[in-house]
Structures are given as structure tokens and as C-alpha cells.
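Trainee: Input: one structure, supplied below.
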Amino acid sequence: MKIVIDTNVLVSAVLKDRDPEAVIMFVVNREDFEWIVSKEIVAEYCEVLSRPKFGLPRDILEAWYAMIGSLTVPCTVDLAIEFPRDRKDAKFLSCAVAAGADYFITGDSDFNEAQRLLTTTILSVSQFKKLVSDRLA
């Protein structure tokens, strides 16, 4: 299965652990799952994690950067999805469509209205955990 993960889920995983981290670890530890990213998504992950407001120590940042670099599957995105609700988030929808992703995991309710734009199932962390992780674990 192909999974796209929103930046807010990654940030929650890094800062709070618990369900967001459990979901990411579930995805990366399953051979039948792929964490799909575009170069724009990776750039956003790195930029957001390095923001001073989070105060993440360099070793933690480096560990997550290494994980992102080694455990994600790059996707070339050659299409643009119009998402007027939040244009900067359109990159996630474009990546999901280009990769034929099965799931997009997000904590952003702005994406609720995006479901009509793609066949990828948009789920919150708790929904993914309940409907996918817990059933396959």
C-alpha cells in the first residue's frame, strides 16, 4: 500500500510520540507499505522540523532526516491539483494522485473537502490506526 503522510503528522510524531509515531513506525516497518514523498514534501518536512519554535536538538533532527531519506519512496509529481482551500497543501494531493496512493494521513481538517478530488482515502491518524494499523498488527 502507498501512503502519503502530512507534515503535521510527522511533527506530532517527532514532538509527542504516541499514535502519530506508532502509525509512522507501522508504515515504515511493513514491507507491503510505502511512505510516498515528493521532493517538495521532503523539503517541507525538513523546513518545518527545523523551525526554532520546536527547539529540536540537532541529533533528533538528524535522526529524523536520515529516516525520511532512507525509509521514504520518492515520487515524481508531474501534475498539479487545484486546492484553493490551502494552496501550499496541494503538493500532498498531487503526490497522492501521481503515486496512486491508497491513503493520505493528515491531522488537517482542510483536507476533508479534498476527498472529492482524488481516489486516495484521506484519514486522520486515529482513523488510520483503527482501520488499518490495529487490524493488520
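Readers should treat all values here as calculations from the given coordinates under stated rules, not as data from a laboratory. Just so it is clear, the model here is predicted, and its values are computed rather than measured. Because the Cβ atoms are built from the backbone with ideal geometry, glycine has one as well, and the counts that use them run over all protein chains shown.
Trainee: Please give the length that would be gained between Ala137 and Ser70 if that part of the chain were fully extended, namely 0.36 nm times their separation in residues minus their C-alpha to C-alpha distance (nm, one decimal). Walk me through the intermediate numbers first.
Mentor: Working: separation 67, 0.36 × 67 = 24.12 nm, distance 2.29 nm.
Extending this stretch completely gives an extra 21.8 nm.
Trainee: In addition: How high is the relative contact order of the chain, in percent, with contacts defined as C-alpha pairs under 8 Å that are six or more residues apart?
Mentor: Details: 188 pairs, mean separation 43.0, N = 137.
Worked out over the chain, it gives 31 percent.
Trainee: Pairs Lys16/Lys130; Lys2/Lys129; Lys16/Lys88: which are spaced more than 22 Å apart, C-alpha to C-alpha?
Mentor: On the way: Lys16/Lys130 19 Å; Lys2/Lys129 15 Å; Lys16/Lys88 24 Å.
Among Lys16/Lys130; Lys2/Lys129; Lys16/Lys88, the Cα-Cα distance tops 22 Å for Lys16/Lys88.
Trainee: Go through Val27, Leu49, Ala101 and say which Cα lies farthest out towards the positive end of the charge dipole of the chain; charges sit on Cβ, +1 for Lys and Arg, -1 for Asp and Glu.
Mentor: Farthest towards the positive end: Leu49.
Trainee: Let me ask another. Relative to the compact globular guide of 2.2 N^0.38 Å, what is the alpha carbon radius of gyration of segment 2-136, as a ratio? It would help to have the intermediate numbers written out before the result.
Mentor: Values: Rg = 14.0 Å, N = 135, 2.2 N^0.38 = 14.2 Å.
Compared with the compact-globule rule of thumb, segment 2-136 sits at 0.99.
Trainee: About the Cα centre of the chain, what is the dipole size in debye to 20, counting +1 per Lys and Arg Cβ and -1 per Asp and Glu Cβ, all else neutral? It would help to have the intermediate numbers written out before the result.
Mentor: Details: 16 positive and 21 negative charges, 41 e Å.
The dipole of the chain has a size of about 200 debye.
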